[in-house]
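Structure first, commentary second.
The values are calculated or read from the model by the stated rules, or taken from the named source; none is laboratory data. On a predicted model such as this, the values are computed, not experimentally measured, just so you know. Reconstructed Cβ throughout: ideal geometry from the backbone, glycine too, with neighbour counts over all protein chains shown. Surface areas here come from the heavy atoms of the whole protein model, side chains and all, with no ligands, DNA or RNA. Shrake-Rupley method; radii C 1.70, N 1.55, O 1.52, S 1.80 Å.
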Amino acid sequence: MQDQSFGENSPVVELPLMSLREVVMFPRSIMPLFVGRDASIKAIDAGLADYGKKIVLVAQKEPDIEKPTFDDLYEVGVVSRILQMLRLPDGSIKVLFEGLERVRWQAVPQQEPLFPLVQVSSLPAEASDPAAAAVLLHMTREVLEEFAKANKRVPQDVINAMLAQKDAGLLADALLPHLKVDYHSKQQALEMLDPLLRLEKAHELLLSDMAAMSMEKRIKGRVKEQMEKNQREYVLNEQMKAINKELGREGDPEAELDELEKKFKAKDMPEEARERGLSDLRKLRAIPPSSGEYTVLRNYVDWLLDLPWNAQKETSIDIEKARAILDGDHYGLEKPKERIIEYLAVQKLSGGLRGPILCLVGPPGVGKTSLARSVARATGRDFVRLSLGGVRDEAEIRGHRRTYVGALPGKLLQSLKRVKYNNPLFLLDEVDKMSADFRGDPASALLEVLDPEQNATFMDHYLDLDYDLSKIFFITTANSLHSIPEPLQDRMEIIELNSYLETEKIKIALQFLLPRQIAEHGLKPENMRISTNALLEIIRAYTFEAGVRNLERELGTLCRKTAIKLVEEKNSASVVSITRQNLSTYLGVPRYRHDERETMPQIGVCTGMAYNQRGGDILHVETTLMAGSGQVLITGQLGDVMKESARAALSYVRSRAEMLGLDPRFHRKVDIHVHVPAGATPKDGPSAGVTLVTSITSALLGIPVRNDVAMTGEISLRGRVLPIGGLREKLLAARRSGIVRVILPRDNEKDLKEVPEEIVRSLEVIFVQNVDEVLPYALAATAEEIFAGRSNAQPVYLSLRNPALKKAAVQEMLQAQ
C-alpha cells in the first residue's frame with residue numbers, strides 16, 4: 001500500500017482515475033456518488049487497497065460515452081479521499097468522496113489495464129489582489145444571503161460556513177458544488193487557478209442560478225394560481241350541477257354552451273354559418289334555459305353543427321368496376337346503363353364536374369330505384385332516397401321558417417344530416433307524383449335544387465343561409481313525363497327505361513328473382529325446378545306489367561307452396577317440379593288474358609296496337625253501320641283525344657268518298673257506331689287514327705280486314721300518318737298475339753333500331769306516310785278493287801257505292817300506289 005499525501009509541495013504521484021458524467025468535484029467538498037461502471041469500481045477498490053483511499057476524479061467532456069479514453073476527459077481533476085463505500089444488491093456501489101486538491105494528470109502506460117492509472121501534479125493557487133478580493137467577497141456574501149433566503153435546499157450551517165469564509169478561492173470552491181448550473185461552467189471554474197477569477201466566476205454562476213430560481217418560482221406561482229382557479233371552478237361547477245339536478249336540469253347549460261362554442265370554432269364550415277352560430281350562442285347565454293326561445297335557438301344551433309357543410313366522402317370512379325356492378329345488378333337496360341357510364345367517365349376525366357341530374361322514366365317495376373342504388377355503390381357514394389309521392393307542401397323541400405312552432409329544415413337537409421356527407425347520391429323518387437295546393441308548389445321549389453347553376457347557393461327557409469348542393473349526384477324517377485312541368489324537365493337529363501320483353505323477363509327470373517326468393521324462403525336451389533314454359537305462362541297469364549315486380553310475387557308464391565310440400569312430406573331433400581301443365585295447381589286460375597288476333601278476316605273489325613304503363617297490347621276496333629240519319633256513336637270508355645281521332649277518321653273517309661266509290665251523301669243515310677271492346681278499361685291517345693280509318697272504310701266498302709295485320713299511327717285531316725310512341729312495346733304485343741304484318745308511320749322507321757332484332761325478324765314491318773297506303777295492305781282486296789269499286793265483296797248498302805267514279809281520281813291514286 002502506497003501512502004500518498006498532498007500539499008503545496010506535493011511530488012508527482014500515481015493514482016487510479018475515475019471519470020465522472022455531468023458532475024464536477026471541487027476541493028474541500030463532500031459528495032456522494034453512485035458508481036456502476038466496472039472500470040470505475042475497480043479503480044475505487046484499488047484506491048482503497050493500494051493508494052491510501054485516494055483517487056483522482058475527472059469529469060468527462062461528453063457524458064454519453066460509456067467507456068471514455070484519456071482524450072475524452074478534462075485535463076484538470078481533483079484528488080479525493082474515499083470516506084465510505086457501500087455495495088448495493090445490483091452490483092453497483094455508493095461512495096462518499098471528499099475533495100482534497102485540484103491537480104493536473106497524465107496517463108501512465110499499461111499493458112492490460114483494469115482501470116486508468118495516472119500521474120498527478122498539484123496546481124497551486126496564483127496570487128491575487130487582496131483589495132479586489134475583499135470587495136468581491138463582500139458582494140458574494142450579499143448575494144449568498146439572498147440565495148439562502150430564496151433557496152432552502154442548502155443547509156443553514158453550510159451557508160453560515162460559507163459566509164464566514166475569508167479566502168476567495170476557498171469560498172468559490174465551497175459555493176460552486178451547490179449551484180444548479182451546467183457542468184461545463186463548473187469545470188471552467190475548477191480550472192481557474194486565480195482565486196479572484198474563480199470567485200468572480202462563482203459569483204456570476206450564483207446570479208444565474210438565482211435568476212433561474214426566480215423564474216422557476218414565478219412559473220410555479222402561476223401554475224399554482226391556475227390550479228387553484230381550476231380547482232375553484234371545479235368546485236363551483238360541481239355545486240352548479242347539484243343545483244341544476246335539484247331543479248330538474250341534469251346538464252350544465254354554461255358548460256354545454258362552452259362545448260358548442262369549441263365545436264363551432266373547430267368545424268369546417270362557411271364563415272357566414274360559423275358567425276351565425278356564435279352569435280346565437282351569445283344570445284343563448286343571455287336567455288334562461290326555461291324560456292321557449294332558448295329551445296328554438298338551441299335547436300337551430302344544433303342543426304348548424306350537425307349539417308355536413310364541407311364534409312365530403314372520398315369517391316372513386318372505376319369504369320370497369322362500375323360497369324360490372326351495373327351489369328351484375330340489372331339485366332338489360334343497356335341504354336340507361338351506357339348513359340350512366342358516360343357520366344362517370346366524364347366526371348373521372350374532368351375531376352370537377354358538378355353533380356349530374358338524371359331522370360329515369362319508365363313503367364313501375366323496371367328497376368329505376370334499384371338502378372340508382374347500384375350507381376351509388378359503383379361510385380362509392382352514400383345512397384339517400386326521398387319519396388316525393390303525394391308531397392304538396394313547398395316546405396317539404398325548403399323547410400319552415402323559424403317563426404313557426406316545430407319548424408325544421410326541408411327533407412333534403414334532413415337527409416344530409418343523416419348521411420353526414422354533402423356528396424351522396426340523392427334519389428328523388430316519384431317526382432311526377434307531386435301536387436300543388438294553397439301551401440305552395442313543391443315542383444317549383446325543386447327548380448332551384450335541380451339547377452346546377454343555382455343549387456350551389458340553395459336557401460333553406462329554416463337555415464336562412466346558403467347551402468351548397470352542387471356536390472350531390474341527383475337522380476329522379478318518374479313513371480310519366482306528362483305531369484312534370486316543362487321547366488323542371490329542362491333541368492334534367494331524361495333517360496327512358498322501357499318495359500321488359502318476355503325473353504328478358506325469363507332471364508331476369510332465372511338469374512335474379514328466383515334465386516333470391518329461394519334464399520328468402522329457406523329453400524335450396526335443388527328443391528324447386530321450374531320450366532321455361534311455366535315461366536312464360538306466369539308472365540302471360542298471371543302478370544300484366546312492364547316490369548317484374550308481380551312476377552317476383554308469383555315466384556314467391558311458388559316458393560311458399562314448395563315449402564309447404566317439403567314440410568308436409570318431412571323431407572327437405574325432395575324436389576318440386578313446376579311445369580306449364582301443373583302451374584294452375586299452385587297459382588290458381590289464370591288472371592289475365594291477352595287479346596289474340598281474329599281467327600278470320602271480318603268486315604269492320606281492325607286490329608290496332610296500344611301502349612300503357614303495363615306494357616303493350618293489341619286492341620280491336622269495331623265499326624258497324626245501321627240505317628239512320630247520320631248519327632255517329634263512339635263507345636268503349638274512350639278519352640277525349642281518342643274520340644277526336646275517331647271524328648278525324650270519319651272526316652277523312654268522307655273526304656275520300658269519291659275515290660272510294662261511295663255516295664258523297666252516304667253519311668246522311670246511315671248511322672255509324674264505332675266501338676272499342678273492353679269497355680271497363682279507359683283508353684285514350686291519338687295513335688289509333690289509322691286503325692279507325694281502316695275499320696270505318698272496311699264497314700263502308702264491305703271489304704274484310706286481314707286478321708294477321710295490326711297497325712298504329714296518328715292521322716291528320718289530310719291523311720298524313722304521324723309518328724307514335726311505345727313502338728317497342730307495341731311490336732312485342734303484336735308478336736305475342738300472332739300478328740304477321742304491322743303497319744307503322746314512316747317517321748318511326750328510325751326508332752326501329754331500339755327494338756330487339758328478334759322481334760323485328762319475326763314481323764313484316766311496313767312503313768307508310770299516307771292513309772291511302774294503308775288500305776291495300778290492311779283490306780282483303782287490291783288497290784284497284786278498293787279505289788275503283790270492283791271488289792267481289794258486297795257492300796253493306798249497295799247505294800253507297802257510286803259506279804260513276806271519276807277516272808282521273810282513280811288513275812291518280814293508282815299512280816301513288
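Things worth noting here:
- For the range 648-765, the solvent-accessible area of protein heavy atoms averages 37 Å² per residue (probe radius 1.4 Å; ligands and nucleic acids excluded).
- Per residue solvent-accessible surface (Å²) - the range 576-642, probe of 1.4 Å: 55
- The accessible surface of the chain, taken with every protein chain in place and a 1.4 Å probe, is 50 percent carbon and sulfur.
- Karplus-derived HN-Hα couplings along the range 170-182 (A = 6.51, B = -1.76, C = 1.60, θ = phi - 60°), whole Hz, x at Gly and Pro: 5, 5, 5, 5, 6, 7, 4, x, 8, 9, 8, 10, 5
- Antiparallel bridge percentage (DSSP; both residues within the chain; nearest 5): 60
- Using R0 = 22 Å, the C-beta based FRET efficiency linking E216 and N160 works out to 0.30.
- Calculated FRET value between D671 and T782, using beta carbons and R₀ = 35 Å, to 0.05: 0.75
- Probing with 1.4 Å while keeping every protein chain in the model, the per residue accessible area of the range 46-103 equals 48 Å².
- If both residues of a DSSP beta bridge must be in the range 578-684, then about 75% of such bridges are antiparallel.
- Spacing of the two label points (7 Å from each Cα toward its C-beta) at Y404 and A242, in nm: 4.7
- Computed [θ] at 222 nm, helices only, for the chain once each DSSP H run of length n ≥ 4 contributes -39500 (n - 2.57): -13000 deg cm²/dmol
- The Cα-based radius of gyration of the chain, divided by its Kirkwood radius, gives an Rg/Rh of 1.38.
- Annotation for Y294 and E764: the two label points, set 7 Å from Cα along the Cα-Cβ direction, are 8.8 nm apart.
- Peptides 265-272, 385-392 ranked from most to least packed, by the mean per-residue count of other Cβ atoms within 10 Å: 385-392, 265-272.
- Distant-in-sequence amide contacts of M609, defined by a placed amide H-H separation under 5 Å and a gap of 5 or more residues or a different chain, comprise L619, M711.
- Globularity ratio of the range 628-711, using Cα Rg and 2.2 N^0.38 Å: 1.09
- With distances taken between every two different alpha-carbon atoms, the range 25-142 has a Kirkwood hydrodynamic radius of 16.1 Å.
- Rg then Dmax, both in Å and based on the Cα atoms of the range 579-736: 17.1, 60.
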